[in-house]
1. R70 to E42: extension gain in nm, 0.36 nm per residue of separation minus the Cα-Cα distance?
2. How much area per residue is accessible in the chain when the probe is 1.4 Å and only protein heavy atoms are counted (Å²)?
3. May I ask for the net charge around V47, where only other residues with Cβ less than 9 Å from the Cβ of V47 are counted and Lys, Arg are +1 while Asp, Glu are -1?
4. Please give me the summed charge of the neighbours of H59: other residues whose Cβ is under 14 Å from its Cβ, Lys and Arg +1, Asp and Glu -1.
5. I'd like to know which of Q11, L24, H59 lies farthest towards the positive end of the charge dipole of the range 3-68, counting +1 on Cβ of Lys and Arg and -1 on Cβ of Asp and Glu.
6. Could you calculate the contour length gain from R9 to A52, that is, 0.36 nm times the residue separation minus the distance between their Cα atoms, to one decimal place in nm?
7. Using DSSP H assignments, which helices in the chain have an axial alpha-carbon span of 27 Å or above and a mean Kyte-Doolittle hydropathy of 1.0 or higher?
Amino acid sequence: MELPDYLIRLQRAADDEGRRLEHLDEDERDAARRLYFNAAAEVDVAVRDFAATAGLDRHTVEKELRQRARQPPSE
């Protein structure tokens, strides 16, 4: 499945925000959690739109996207 680069960038950004939560104290974590949830929501909307437009199953797109986002970016 060919995924647009913007979806992969959005997923990587959401993943980065999630990883940042692991290294924060409680006060910092609340603000970072909001950033993570917003980034994850943006990914969700983009995946739903892409899947609907392409006539694909959303869950299949999400699975493929997560796998692709874990791969190192190609230059």
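1. Working: separation 28, 0.36 × 28 = 10.08 nm, distance 1.79 nm.
Gain in length upon complete extension: 8.3 nm.
2. Numbers: 5370 Å² over 75 residues.
That works out to 72 Å² for each residue.
3. Working: positive: R48, R58; negative: D44, D49, E62.
Surrounding charge for V47 is -1.
4. Details: positive: R48, R58, K63, R66; negative: D44, D57, E62, E64.
That sum, taken over residues with Cβ under 14 Å, equals 0.
5. H59
6. Working: separation 43, 0.36 × 43 = 15.48 nm, distance 1.94 nm.
Between R9 and A52, full extension yields 13.5 nm more.
7. Numbers: long enough: 26-54 (41 Å, -0.34).
Result, helices passing both filters: zero.
The values are calculated or read from the model by the stated rules, or taken from the named source; none is laboratory data. The shown structure was predicted, so the numbers you read here are calculated from the model rather than taken from an experiment. When we count neighbours, we look across all protein chains shown, and the Cβ atoms used for this are built from the backbone with ideal geometry, even at glycine. Ligands, DNA and RNA are stripped out before the accessible areas are found, and what is left, the full protein with its side chains, is counted by its heavy atoms. Shrake-Rupley method; radii C 1.70, N 1.55, O 1.52, S 1.80 Å.
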